[in-house]
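Worksheet for the structure shown next.
The values are calculated or read from the model by the stated rules, or taken from the named source; none is laboratory data. This structure is a prediction, so every number in the text was calculated from the model and none was measured. Virtual Cβ from ideal backbone geometry, glycine too; neighbours counted across all protein chains shown.
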Amino acid sequence: MSLHFAGAVQRGQFRLDADLRVEPGEVLALLGPNGAGKTTLLRAVAGLLRVDTGRVELAGEQLDGPDVFVPADERKLGVVFQDHRLFPHLRVLDNVAFGLRTQHVNRGDAHRQAQEWLTRLGVGELARRRPGRLSGGQAQRVALARALACRPRALLLDEPLAALDVQTRAEVQGELREHLGAFAGPTLLVTHDPIEALLLAGRIVVLEHGEVVQQGSPAEITSRPLTPYVARLVGVNLYAGIAAHGVVRLDGGGTLVAPDAVDGRVLVALRPSALTVHTSEPHEVSARNVWPGRVESFAPLADRIRLTVRGEQNVLVDVTAAAVADLGLRLGSPVWLAAKATDVSAYPAPAAAGPVAG
Ligand SMILES: Nc1ncnc2c1ncn2[C@@H]1O[C@H](COP(=O)(O)OP(=O)(O)OP(=O)(O)O)[C@@H](O)[C@H]1O
């Protein structure tokens, strides 16, 4: 029962054009910045928007296409939105039983199953409340119970945790992971939170400007980011350039020694923690990459300070607070950066890759 979206949707000036497939039992995170088209894609799968060209298929059955359009309420999908959208005038139990009732399950059975799902999601005691008297976390659990109770063929989750406070989000995230793991159908999770994508999904598709720019396992995405947006999400420096004989000539100036680089157009990823900072040109270090710059900003991290150093390329560098003090770093301080060649990860640039801003 795989879910396949292969189509285009035009909304004013914006165009979504993507091809993605979610396999049974798989959780696929659709990750992207604001306005990338994530919700547009999810709404097209849900049947709330039509594709202009292409098709949407579930288990080989066409839901949308040139001659077919199955209405949203006949697609048998479980949908959870950021703002949960529970019916305010119905009790929690009736909200969860609603989908089953529309499938002609009798009232008694629908209520019994709804109660079971509420209990499974840890909110069984709230069955008689109205949605207006639930906390954000409770409402999200009820919305998930409602989506799962109607025995959906696929689950669609649109930023399901975005409205929750940090503490509640962490709790619900853990529970959600468990419930998604037990769900046999495909799950499409829309998020702009990389942590959520990493924690909940087996595979990530990155959408930017209505197009898929990268897809892979969380490990693949984090080790080889292909766009500046993905590099920022995973917190690495990313540069584009041309490699020849183990040296990468960077777009915008400068070179990096990367012995494993395959000749041709490449991207280069460099972890901020792999760089060392010096106040004069280092000659005694084994690092083969050394270049000058000026400290442009300081930002606190958990146990480090992240410097932005402006030189021929902008570089993020993570150092300890003690190092900042020992080196006497200030805004505008001239510094030298050093990186070992083995810490420079170079990989072929995708064919369509434009210039990458450092
Ligand atoms: N009803 C509409 N008419 C015209 N354009 C629209 C409409 N709704 C959305 N858009 C445009 O479509 C683009 C994609 O929006 P969409 O909501 O799919 O993005 P998103 O990736 O889900 O973003 P966010 O993370 O902010 O929710 C945006 O540029 C938006 O302005």
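Observations on the model:
- In region 231-279, residue surrounded by the fewest Cβ atoms within 10 Å (Cβ to Cβ) [restricted to those that are outside any strand (DSSP E or B) and at positive phi]: His245
- Among the residues of region 160-181, the ones that are surrounded by fewer than 24 Cβ atoms within 10 Å (Cβ to Cβ), in contact with a strand residue (DSSP E or B) (Cβ under 6 Å, 6 or more places away or on another chain) and not in a helix (DSSP H, G or I) come to 0 in all.
- Annotation: of all residues in region 55-103 being among the small types (Gly, Ala, Ser) and assigned to a strand (DSSP E or B), the one that is farthest from Glu26 (Cα to Cα) is Gly65.
- If the condition is being closer than 17 Å to Asn314 by Cβ and more than 24 Å from the chain's Cα centre (by Cα), then region 228-275 contributes Gly241, Val248, Leu250, Asp251, Gly252, Gly253, Gly254, Thr255, Leu256, Ala274, Leu275.
- Region 8-39, residues that are buried (at least 22 other Cβ atoms within 10 Å of the Cβ) and either free of Cβ contacts under 8 Å to residues at least 60 places away in the same chain or near the ligand (Cβ under 9 Å from one of its atoms) (or both): Val9, Leu16, Leu30, Gly32, Ala36, Gly37, Lys38
Residue-by-condition table, conditions (1) in contact with a Leu (Cβ under 6 Å, 6 or more places away or on another chain); (2) touching a residue at least 60 places away in the same chain (Cβ under 8 Å); (3) within 16 Å of the ligand (Cβ to nearest atom):
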{"position": "Thr187", "(1), (2), (3)": "yes, yes, no"}
{"position": "His192", "(1), (2), (3)": "no, yes, yes"}
{"position": "Leu199", "(1), (2), (3)": "no, no, no"}
{"position": "Ile204", "(1), (2), (3)": "yes, yes, yes"}
{"position": "Val212", "(1), (2), (3)": "no, yes, yes"}
{"position": "Pro218", "(1), (2), (3)": "yes, no, no"}
{"position": "Thr222", "(1), (2), (3)": "no, no, no"}
{"position": "Pro225", "(1), (2), (3)": "yes, no, no"}
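- Residue match in region 42-54 (condition: over 30 Å from Ala219 (Cα atoms) and assigned to a strand (DSSP E or B)): yes
- Any hit, region 207-215, residues being out of contact with any strand residue (DSSP E or B) (no Cβ under 8 Å at 6 or more places or on another chain) and either within 30 Å of Asp109 (Cβ to Cβ) or not assigned by TED's automatic domain parsing to the domain that holds Ala36 (or both): no
- Test: residue in region 169-187 that is hydroxyl-bearing (Ser, Thr, Tyr) and under 11 Å from the mean Cα position of the chain (by Cα): no
- All positions within region 280-325 that are surrounded by fewer than 17 Cβ atoms within 10 Å (Cβ to Cβ), in a strand (DSSP E or B) and among the β-branched types (Val, Ile, Thr): Val290, Thr308
- Test: residue in region 45-57 that is buried (at least 21 other Cβ atoms within 10 Å of the Cβ), closer than 13 Å to Gly7 by Cα and out of contact with any Asp or Glu (no Cβ under 7 Å at 6 or more places or on another chain): yes
- Scanning region 40-78 for residues that are among the aliphatic types (A, V, I, L, M) and within 16 Å of the ligand (Cβ to nearest atom) gives Leu41, Leu42, Ala44, Val45, Ala46, Leu48, Leu49, Val51, Val56.
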